[in-house]
Amino acid sequence: MANAWKKEKPMRPLLLLFSATLVLIFFFFFLASRPSSNPSSPGLNPTIRTDLPIYPIPPFNCEECPQSHPVIANVVEGLRYPFIYSLADLGRLPEKPHKDIVRFLKGKPFRRPDISATIQGVLEKFKGEGRDNGLVVDVGANVGMASFAAAVMGFQVLAFEPVFENLQRICDGIYLNRVGDLVTVFEAAASDRPGNITFHKLVGRMDNSAISAAGAKLAFKNKEEVAVQVRTIPLDDVIPDSEPVLLLKIDVQGWEYHVLKGASRLLSRKASEAPYIIYEEDERLLQASNSSAKEIRKFLRGVGYNHCTQLGTDAHCTKLG
């Protein structure tokens with residue numbers, strides 16, 4: 001007689017659903033329990049500004065921005081000041097999802113981005129020295145992993161990002177981290193002259209988008225590329241001379257030299273007022289944009305930055321008073 005019992009189907013989908021539910025519970029608990037960005041909240045910088053200048057270009061309006069979807073957001077692991085960010089790169093669904101989506105379904109936080117830990121380490125040192133009144137400028141903000149690392153510590157942030165899909169994710173993070181009073185976003189590429197320029201987006205890898213078409217495709221040669229026009233503006237046109245700046249982070253896939261040239265006045269401030277600089281120094285990407293690490297270092301020495309240290313593909317530069 002044929003066996004009347006049917007083999008039970010595996011429970012894997014139910015387990016994944018259960019894991020995702022636990023993550024969401026943890027996620028909302030995190031939002032409810034974390035301190036607000038109100039200046040009276042203990043543990044945060046008490047110098048939230050209400051007198052920020054009127055900028056020459058309007059900040060990006062998250063209230064009017066179409067909502068990104070799907071939204072897959074989570075808290076980051078291993079930071080003293082944790083924050084939430086929304087993934088833009090989802091991987092190749094459903095066959096090969098992004099590693100952080102797999103972690104999400106297992107009830108784990110997102111992996112800690114190196115730049116987030118670096119930013120918080122530098123700013124923690126500044127706070128210990130009593131230097132906590134100044135802007136953090138994030139050029140090539142991507143989805144906000146540097147911006148939010150600074151904002152949840154109580155620092156005011158100016159973020160520059162030309163890719164609309166990334167701006168949508170930044171807007172997600174501004175809401176989820178409750179830092180709308182701390183993060184000002186500009187839909188623009190920082191450069192050495194105002195105007196417009198052709199920008200190359202890689203479909204499915206917006207983090208590798210670049211002004212240089214060759215630079216955009218260096219790591220992902222088979223990705224589809226879309227050319228768009230984006231606004232450019234020098235940092236010196238946005239940041240008043242009277243505005244203190246603590247930290248300038250630049251990650252723009254080889255366009256770093258042009259960003260630095262557009263900030264000549266900012267970088268020429270005396271040592272006690274000049275920002276700490278973190279910029280990506282990848283020779284292949286720089287050459288794809290017709291510049292070089294040597295050219296950048298020469299420029300920085302010309303404005304007084306005589307101390308630079310290489311940490312991985314990032315250079316850290318300061319003025320010694």
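The values are calculated or read from the model by the stated rules, or taken from the named source; none is laboratory data. This one's a predicted model, so the numbers in the text were calculated from it and none came from an experiment. Cβ placement follows ideal geometry from the backbone for every residue including glycine, while neighbour counts extend to all protein chains displayed. Side chains are part of the model used for accessible areas, which takes the heavy atoms of the whole protein and leaves out ligands, DNA and RNA. Shrake-Rupley method; radii C 1.70, N 1.55, O 1.52, S 1.80 Å.
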Sorting check: for 150-157, 102-109, which peptide has the highest mean count of neighbouring beta carbons within 10 Å, and how do the rest follow?
150-157, 102-109
In whole Hz, what ³J(HN,Hα) sequence does segment 242-252 give by Karplus (6.51, -1.76, 1.60; θ = phi - 60°), x for Gly and Pro?
7, 8, x, 10, 8, 9, 10, 10, 10, 9, 10
Between Gly134 and residues 5 or more places away or on another chain, which pairs have amide H atoms under 5 Å apart, with H built 1.01 Å from N, and which residues are they?
Gln156
Highest mean packing first, using Cβ neighbours within 10 angstrom, the peptides 254-266, 277-289, 60-72, 300-312 sort as 254-266, 277-289, 300-312, 60-72
For segment 116-170, inverting the pair-averaged 1/r of distinct alpha-carbon atoms gives a Kirkwood value in Å of 11.5
How fast does segment 254-303 diffuse by Stokes-Einstein, in µm²/s, taking the Kirkwood radius from C-alpha pairs at 10 °C and 1.306 mPa s?
141
Whenever you get a sec, compute what percent of the accessible area on segment 80-135 sits on carbon and sulfur atoms (1.4 Å probe).
51
Label-point separation in nm, Glu63 to Phe164, each point 7 Å along Cα→Cβ:
2.1
When the Karplus curve 6.51 cos²θ - 1.76 cosθ + 1.60 is applied with θ = phi - 60°, which whole-Hz ³J(HN,Hα) does each residue of segment 111-128 get, with x for Gly and Pro?
5, 6, x, 4, 5, 5, 5, 4, 4, 5, x, 5, 5, 4, 5, 4, 4, x
Sorted peptide list for 139-145, 191-197, 242-248, criterion being average Cβ within 10 angstrom, highest first:
139-145, 242-248, 191-197
Roughly how many whole Å is it from the C-alpha centroid of segment 235-314 to that of segment 97-138?
21
Quick one: length gained pulling Glu77 to Asp241 fully straight, 0.36 nm per residue minus the C-alpha distance?
55.3 nm
Tensor-based shape of segment 76-181 (alpha-carbon gyration tensor, a/c under 1.5 rounded, otherwise prolate or oblate)
prolate
Can you give the Rg/Rh ratio of segment 220-293, where Rg is from the C-alpha atoms and Rh is the Kirkwood radius?
1.04
Rounded to the nearest 0.05, what FRET efficiency do His316 and Arg193 give with R0 = 22 Å and r taken as the Cβ-Cβ distance? Could you check?
0.25
Once the other residues with Cβ under 13 Å from the Cβ of Pro66 are scored (Lys, Arg +1; Asp, Glu -1), what is the net sum?
-3
With a ≥ b ≥ c from the Cα gyration tensor eigenvalues, square-rooted, and the rule rounded for a/c under 1.5, otherwise prolate when a/b > b/c and oblate otherwise, segment 152-192 is oblate
